[in-house]
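To start, the structure itself, in structure tokens.
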Amino acid sequence: MDESAELAVSITQIVQRLKGTHLHSQLEKQAKECLHKPEIKLDTLKDDVRRLLKASGWERKLENAVYRELHILLPPGHPRAPPEHTKEPLEYMRKAQVNWEKRILKSLNSMCTELGIPLAWKRPVPEQKELANKWNEMGTDEPDLSKFRPVYAPKDFLEVLVGLRNPNNERSEDLTVRSHWGLIQVSLNVRDIPQMREMYPELGLTYGQLGIDDHTHVPPDLFESEHIHIGKKVVSEQDSAAAQQYSRQGCPTGLRAQLWSLILNTTNDPEDITHYEQLKARVINHDLLVDNLIYKDVKLTASNDDYYFVFEDYLYQVLLCFSRDTAVLEHFSYNSATPPKSCIQNKSGSEQCAMVYPPNGVIPFHGFSMYVAPLCFLYNEPSKLYRVFREMYIRYLFRLHSISSHPSGIVSLCLQFERLLQTHLPQLFYHLREIGAQPLRIAFKWIVRAFSGYLSTDQLLLLWDRILGYDSLEIVAVLAAAVFAFRAENLMEVTSLASAEAVLADLSTLKVMPLLQIFLFATSV
């Protein structure tokens with residue numbers, strides 16, 4: 001398919017996706033209202049309507065919506081290729097994902113059977129009223145969660161990734177001796193440092209950075225004040241593409257919430273608030289087994305975190321609503337995963353009684369609530385917080401727990417991390433491997449959470465600025481390698497996995513941007 005044909009297909013797909021949306025109906029309404037204005041002339045009707053839509057800000061809203069669609073649009077494949085090939089081109093990855101999904105669902109169903117609890121049930125009216133009354137203080141509840149266990153933890157997922165093999169590759173082919181050092185034994189195209197220098201030029205030593213140049217020992221007029229001035233202009237222009245480019249050098253604390261909303265093209269219009277209230281009503285009306293998994297996860301993770309324990313109520317609200325949101329199912333059109341199905345009634349057999357469960361198609365795992373926690377620092381309105389989290393999830397975070405060959409997928413990130421260490425710190429990698437402390441076993445928990453819960457919050461938000469700015473999770477793998485490089489001297493002295501983990505146990509004092517800059521731009525290649 002040539003470029004013009006690909007472009008035509010992409011345009012058609014975007015038009016189809018935007019048709020029937022709230023934005024589409026609003027644009028039609030505004031265009032009709034323009035017709036009654038005296039400055040509209042019949043012979044220049046089209047141009048006049050466009051000019052008025054541009055002046056009233058509707059053209060920019062359309063541009064932002066198209067820009068959002070471009071981020072999630074799958075590249076045009078062969079016209080006869082089945083949809084699953086477009087979602088994930090490698091068959092062995094698809095099979096591994098299917099087997100992993102079966103295992104998760106089996107774990108959920110067995111828990112359901114063991115405890116004698118249905119997957120979903122309607123709450124009695126008194127319980128509905130009680131939940132509605134304490135909606136903003138759910139953290140005060142202490143339900144008995146001792147019988148519930150997380151469906152899986154990151155270490156279980158890592159074992160699945162370690163077992164991945166490409167059946168088309170003989171052991172002697174394509175895999176170098178160095179790649180046998182690591183845990184990930186599949187061959188994917190990941191960038192090396194020279195390629196990353198081209199990909200991330202704004203992180204270079206000659207560019208100003210929030211996270212480095214806003215420290216007190218640097219005169220603020222050199223970078224920060226000018227950067228804030230530009231940031232205010234970007235926000236006033238309401239341009240998603242400009243906001244994304246801007247965030248590559250970091251977002252000022254006072255503008256970050258607005259800039260992230262702009263990059264993700266999330267709004268908090270009356271329709272969004274109504275949608276959130278509808279989800280809240282679904283939570284109040286029906287109880288789901290996964291609600292207990294959410295409660296348990298928040299209690300085990302965020303509630304014990306010095307930064308995030310204060311947001312416990314927000315986390316329950318957002319995650320319980322998220323589990324009911326069928327709009328999340330849309331992302332399975334470009335996710336290698338398939339939404340799990342289960343029989344809600346106590347009937348077995350035909351596919352007809354099988355329904356997507358939970359309604360959003362995402363079964364939470366241990367640590368899932370930490371995807372939401374950092375956003376609580378930016379948004380104090382639950383409906384706005386919810387919209388931003390949902391968009392972050394369907395654009396980026398789902399890739400951290402789905403098996404795929406995507407460059408931002410968890411397999412590529414793990415391989416990227418191992419390759420960077422093998423190439424630039426081979427002695428350290430070999431030493432850790434020899435003592436039974438494979439680096440990925442230590443770093444995987446950081447990568448699968450995009451460092452949430454491991455870095456201090458200000459540093460985590462600076463990292464996530466760059467994820468949004470470059471529209472890629474690749475920077476997470478780079479930072480993981482940079483942390484090992486920073487602690488290399490201590491790690492060369494350790495003699496066991498436990499002592500290696502001890503050296504890397506506390507990352508809360510690390511500064512993200514200096515680590516990334518030194519690793520990418522001050523490492524000899």
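Annotations
- Filtering the range 268-292 to residues that are assigned to a loop (DSSP other than H, G, I, E, B) and surrounded by fewer than 17 Cβ atoms within 10 Å (Cβ to Cβ) leaves only D269.
- Checklist (1) surrounded by fewer than 21 Cβ atoms within 10 Å (Cβ to Cβ); (2) under 13 Å from F368 (Cβ atoms) applied to Y316, failing item: (1)
- Counting only helices (runs of 4 or more DSSP H) that sit completely within the range 432-519, those holding 1 or more residues that are under 20 Å from the mean Cα position of the chain (by Cα), within 30 Å of S240 (Cα to Cα) and among the β-branched types (V, I, T) correspond to 439-448, 457-470, 474-486.
- Selection status of R390, under 10 Å from the mean Cα position of the chain (by Cα) and open to solvent by 10 Å² or more (accessible area, probe 1.4 Å): yes
- Single unsatisfied condition, T338 versus (1) out of contact with any Gly (no Cβ under 9 Å at 6 or more places or on another chain); (2) closer than 28 Å to P83 by Cβ: (1)
- Criterion violated by Y152 - all others in (1) at pLDDT below 90; (2) hydroxyl-bearing (S, T, Y); (3) open to solvent by less than 90 Å² (accessible area, probe 1.4 Å) satisfied: (1)
- Residues satisfying the stated conditions in the range 202-223, i.e. surrounded by 12 or more Cβ atoms within 10 Å (Cβ to Cβ) and either closer than 17 Å to R466 by Cα or modelled with pLDDT of 90 or more (or both): E202, L203, G204, Y207, G208, Q209, L210, G211, I212, D213, D214
- In this structure, K122 does satisfy being touching a strand residue (DSSP E or B) at 6+ places or on another chain (Cβ under 8 Å), within 27 Å of L319 (Cα to Cα) and touching a residue at least 60 places away in the same chain (Cβ under 8 Å).
- The one condition in (1) more than 17 Å from L288 (Cα to Cα); (2) in contact with a Cys (Cβ under 9 Å, 6 or more places away or on another chain); (3) open to solvent by 40 Å² or more (accessible area, probe 1.4 Å) that K102 fails to fulfil: (2)
The values are calculated or read from the model by the stated rules, or taken from the named source; none is laboratory data. Note that the coordinates shown come from a computational prediction; the quantities given were computed from them, not determined experimentally. Don't worry about glycine lacking a Cβ; one is built from the backbone with ideal geometry, like all the others, and counts go over all protein chains shown. Just the protein is used for accessible areas: all its heavy atoms, side chains included, with ligands, DNA and RNA removed. Shrake-Rupley method; radii C 1.70, N 1.55, O 1.52, S 1.80 Å.
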